[in-house]
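Please read the structure below before turning to the comments.
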Amino acid sequence: MDVPNVEDLSIDHTEDRAAIAALISDIERGSNTNDAELLTGQLAMNASTVNVVGSRTTNRDAALAVSRLGLQGPLRDEIAEYELAGLIFIRPDVAVAHKHAWAVENGRRATGAPAMVALYILTREKDRWWVVARQNAATPPPQ
């Protein structure tokens, strides 16, 4: 069996990379400012999400409701730093991104290793990128 390497090399994705990095930055800012609308504003209406504690949503409105609860409760005082850790375009209008996140304490990353990783599936619609699926996972604490 010939296993394909699936990657779109048909166009220059420089602007797409910058747009997706900005999208991740908006999500980070939404999380850090307890702004659920900004945090979920990049989601398509039918986006599927799984948060770090395993709660699954199947549309933007449900993700917004869960985000509001989290940002008003256990995440209210949390600050995180996000980094786009990987990005591959599998079609000109479809991308897979990995994000790393660190807890921030006293203006610095609390640990060397990320506290969370996330997988994003994105699509470009109407001249912008949208998250159609996102799954967050906590990483084991450093030993």
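The values are calculated or read from the model by the stated rules, or taken from the named source; none is laboratory data. Note that this is a predicted model, so its numbers are computed, not measured. Cβ placement follows ideal geometry from the backbone for every residue including glycine, while neighbour counts extend to all protein chains displayed.
What residue, among those in the range 123-143 that are outside any strand (DSSP E or B) and within 29 Å of T111 (Cβ to Cβ), is farthest from the chain's Cα centre (by Cα)?
Of everything passing the filter in the range 123-143, Q143 is farthest from the chain's Cα centre (by Cα).
Tell me, please, whether a residue that is modelled with pLDDT under 95, of a type in the set (D, E, K, R), loosely packed, with under 14 Cβ neighbours inside 10 Å and on the phi < 0 side of the Ramachandran plot can be found in the range 26-46.
No, the range 26-46 contains no residue that is modelled with pLDDT under 95, of a type in the set (D, E, K, R), loosely packed, with under 14 Cβ neighbours inside 10 Å and on the phi < 0 side of the Ramachandran plot.
Mind checking whether some residue in the range 59-82 is polar (S, T, N, Q) and in contact (Cβ under 8 Å) with a residue 60 or more places away in the chain?
No, the range 59-82 contains no residue that is polar (S, T, N, Q) and in contact (Cβ under 8 Å) with a residue 60 or more places away in the chain.
Hey, which of the strands (runs of 3 or more DSSP E) in the range 1-107, taking only ones fully inside, have at least 3 residues that are out of contact with any helix residue (DSSP H, G or I) (no Cβ under 9 Å at 6 or more places or on another chain)?
80-91, 94-105
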